[in-house]
Every structure is written in structure tokens, then in C-alpha cells.
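Asker: Here it is, the structure, as C-alpha cells.
The values are calculated or read from the model by the stated rules, or taken from the named source; none is laboratory data. Predicted, not measured: the structure shown is a model, and the values here were computed from it. With ideal geometry, Cβ positions are generated from the backbone for all residues, glycine too; neighbour counts draw on all protein chains shown. Remember, those area values only see protein heavy atoms, side chains included, never the ligands or the DNA or RNA. Shrake-Rupley method; radii C 1.70, N 1.55, O 1.52, S 1.80 Å.
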Amino acid sequence: MSEDSPVVVAKRVDGGDTADLSEITDLARAAGYDVVGQLSQSREEDAAYHFGEGKVEELAALVRETNAQAVIVDNRLGPYQTYNIGGKLPEGVEVIDRFTLILEIFGQRANTRKAQLQVELAELRYELPRAEAKASLAKRDERPGFMGLGEYDESREQDIKAQISRIKQELDAIADKEETRREQRRESGFDLVALAGYTNAGKSTLMRRLADDLDVGENEGLHPDLDPTAESEDRLFTTLGTTTRRADTGTRDVLLTDTVGFISNLPHWLVESFESTLDSVYRADLVLLVVDASESIEEMREKLITSHDTLYERNEAPIVTVLNKIDRVDDDELAEKRAALDALAPNPVVVSGLTGENIDELTARIEAELPEWREERLLLPMSDDAMSLVSWLYDHGHVEREEYTGEEVLVEFSARPAIVEKARSKAADVRVPASNAEPESAESEASVDGR
């Protein structure tokens, strides 16, 4: 189906609830569709049609009236429900459920090999039960060659399972390389901070504000890989892969990673398909959970719950909630929202990634929340080896004092525990220059004093 195709969006909610079609409309537009009609129903789910059969007839009438080419349903439809709804619609009208639409958007945004593999994996996991449904329908001599199910091929199920296995192996290999890269960065003295949160919360804009080599709103000519993975646009899912940049927070060397946005009501299989990307969040030293402060309290609460649910089981790092886009709310409204959400977002940092308001407070909070550094003191004999070690400490930690006395150099610094241990090992190997060497019986001049 081409972009700008007219579609009708529909949603069923449990009896007594009110259907909100704003998100599915935004998602449809993000995929390039033209929303020409809306329909909702409040009732318990019907096993055959999802909606009531009468409501499906009403849906078909709306499709004919608007000349829609597809119906996008903001619910998860079973294979048979898709088949049955399609049977009521004019010929050729496609039935797309919420997760098919999300996968379509992901496919449009996938610009790296890893992202493409993750989208393909999610699509295959989604297709597998439908392949099983096709087999069942074929046995009853019902050839579902329309309505989103496609023609039946008895070998398709095995093909899907084989492809899933192959893709998982390739993603595991990519994940192993990324984990090695993360450990190398830590060994080099970097702290890893991940931006997480609901899609369209302003993570990419905030990253551009924090990155020390980027300007907000600037993209061309600096980093081609930021196009489109960290664009600052008001649309859903602008970031599907991950983008890492060095951030200037003060004394610490921080690498900041922007990741795919969360979205509510995602099935387990879809979250699992993007596990490789989410590892950047799960294995960070600190997570900045970004929330759009301009939304309603109820929307913010729902999205905080979704984010915490996604992070809860596997996240190992402390989480700092960042209420972004405060340029869109006044002080009284912001205070009301902070009070209402205190249980989900205690002691948040309030910022505007767009204007830069309170960014200094955020960088200070990042440094305060990162794992504590150890302070150490090294007394080294003056030599080329000692100067190389001092230079290495500047690159991997924070040198607080450097003093030269006669034939010795005193250096006081703070760094990650692993860096401190490596510095101690390097200090033990520092050699006294031959011109200053004592007789062979003399001991090494290098000493270490930990604090």
C-alpha cells in the first residue's frame, strides 16, 4: 500500500471505558497514511470479529463512504478475527492491526543492519501464528488469499522457524560485539549513560543538547550516522537504532546513548525482538528516563508505568526521571504534575532539551548518580614511563593534583575502580631512569598510596 493511502482507524475498549483514537491516528500518520474516518466501540471482545458483528457492518459502511483502502485497528487481532473482519469489508480492503502498523513504521525507520534484523525478527514472530492459521483454514478448504493472511504454503512454517533461528544467531553475534565494546569503553574510563523513555518524549533533542560535539537542530556535515537515528523531529520512532556520543557533564567522561522509544501495550515477542537495542539501556551505568512534561498527568502516568515495566526485570542501573519540554508548561502546572507523579518519578530533573533550560542541573545530577569513583595518590620516579602514566590518567580519570618535587612526581586523581587498579599496576611497572638509578640492590622508587 502506498503512502497517503486513505484509511479508517478503529478501536475497541472494554465495556464502560472510553476509546482514545489519538495515538493510533498519530501512528497511522507516522506510517504515511491519510486518516479519513474513525470508529470505536465499548464492549467485551467478540471471539469471532473482535468488535460486535453489527459494528463491523458499520465499519464496512464507513469504508465504502470514505473510499478507504485499509482499516487500521488499534487492538491486537487474532488471525481468524482478521479473516472474519476482512470478509465483511469491500474486496481488496486490507485489515491492519496495531502491531502490524508498528512493524511497518519500524521497517520504514530501519537504516542499520541490526535494526533491519530486529524488524525482520519481529515480523517473523508475528507471522508464525498466522502461518499456522492458514494451515488450519486450508485444511477446511478455505483459501485465505486476502485480508492480510495471504496464500497458504505448507512449508512456510518451517521456513519462518529457520529464519528466526538464523536472525537470532546474527543478532547474538552483534550483541556480543557491542558488549565487548561497552567493556572496552569502561576500561578506557567512560561512564555509560542511556536515554530511555516513551517515543516522542524528546530524547534525541536532549541528546543533541548534552553531546559536546553537536548542536540542537544541526545534523548535516557532522555525523552521517545521526541521519536519521538521532534526528530532532516531532514524529514517532525517529530513533530505531542506537546512537552514542560523548557528553560534557563536567569531570566525568560520559558516553550517552539514544535508544528506540517505548510504546504502550507491546506484546512480549515484540519487546524481545528489540532486546539487542534495549541492552544499551539495561547495561548502562545510569538511565535517564525521559518523559514529556507537556502531556496530561494521566498520559504521563501511563507512560511512566510502561517504561518502568520495560526496565524493571533486567535493568541494572539507577534511573533518573527527566521531565522534558518544560518550555511548554507554566510553573503551576509543572508543580501539580510533579506532585501527582511523585510515587513514579521521585525527585525528577525538569529540563527543556529545546531551549537548554536547567541542563546544568541535569549534568550535575548525572555526575552525582553515576557509580562512585575512587580517589588515589601515586608517587612516581621522574621518567618517561611516569609521564606516560600521568597522561593516561588524564585520559581515563580526573586528575586533581599534579606536583613535581626533585626526581619524583606526585599525582592525585579519581577514577572508576577498574581504572584505579590498572593505574596501580602501571605504577608498579614504572622504571627509574638509568641516570638516576641506584645500585642494583636498591628498591623501586614507585609507590602507591590508596585513599
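Asker: At a 1.4 Å probe, what is the % contribution of carbon and sulfur to the accessible area of segment 281-350?
Answerer: Percent of accessible area from carbon and sulfur atoms in segment 281-350: 44.
Asker: Residues with amide H under 5 Å of His50's amide H, sequence separation 5 or more or different chain, H placed in the peptide plane at 1.01 Å from N; which?
Answerer: none
Asker: So what's Rg/Rh here for segment 319-442, counting alpha carbon atoms and using the Kirkwood radius for Rh?
Answerer: Reported Rg/Rh (Cα atoms, Kirkwood Rh): 1.28.
Asker: Looking at this model, which pairs from Lys11/Lys114; Lys88/Lys161; Lys177/Lys203; Lys203/Lys337; Lys177/Lys422; Lys88/Lys114 are more than 29 angstrom apart at the alpha-carbon?
Answerer: Cα-Cα > 29 Å for Lys11/Lys114; Lys88/Lys161; Lys88/Lys114; rest within.
Asker: So who's got an amide H within less than 5 Å of the one on Val409, skipping anything under 5 residues away but keeping other chains? H placed 1.01 Å off N, in plane.
Answerer: Hits under the 5 Å cutoff: Leu380, Met382.
Asker: Next up: Taking amide hydrogens as modeled 1.01 Å from N in the peptide plane, which residues meet the under 5 Å criterion relative to Gly197, leaving out close sequence neighbours?
Answerer: Correct list: Phe262, Val290.
Asker: Heavy-atom accessible area of Lys11 with all protein chains present, probe 1.4 Å, nearest 10 Å²?
Answerer: Ignoring ligands and nucleic acids, Lys11 comes out at about 40 Å².
Asker: Highest mean first, how do 47-55, 351-359 rank when packing is the count of other Cβ atoms within 10 Å averaged over residues?
Answerer: The densest-packed peptide leads the list: 351-359, 47-55.
Asker: OK, next. Just the number: Rg to Rh for segment 342-390, Cα atoms, Kirkwood Rh, two decimals.
Answerer: My calculation puts Rg/Rh at 1.31.
Asker: Mind listing the phi-derived Karplus ³J(HN,Hα) values for segment 290-295, rounded to whole Hz, using 6.51, -1.76 and 1.60 with θ = phi - 60°, and x for any glycine or proline?
Answerer: 8, 10, 6, 6, 7, 7
Asker: Compare the peptides 87-100, 394-407 by average per-residue count of other Cβ atoms within 10 angstrom and give them in order, highest first.
Answerer: Descending packing order for the listed peptides: 87-100, 394-407.
Asker: Going by average Cβ neighbours within 10 Å, how do the peptides 245-251, 168-174, 324-330 rank, with the highest at the top?
Answerer: Those peptides, ordered most packed to least, come out 324-330, 245-251, 168-174.
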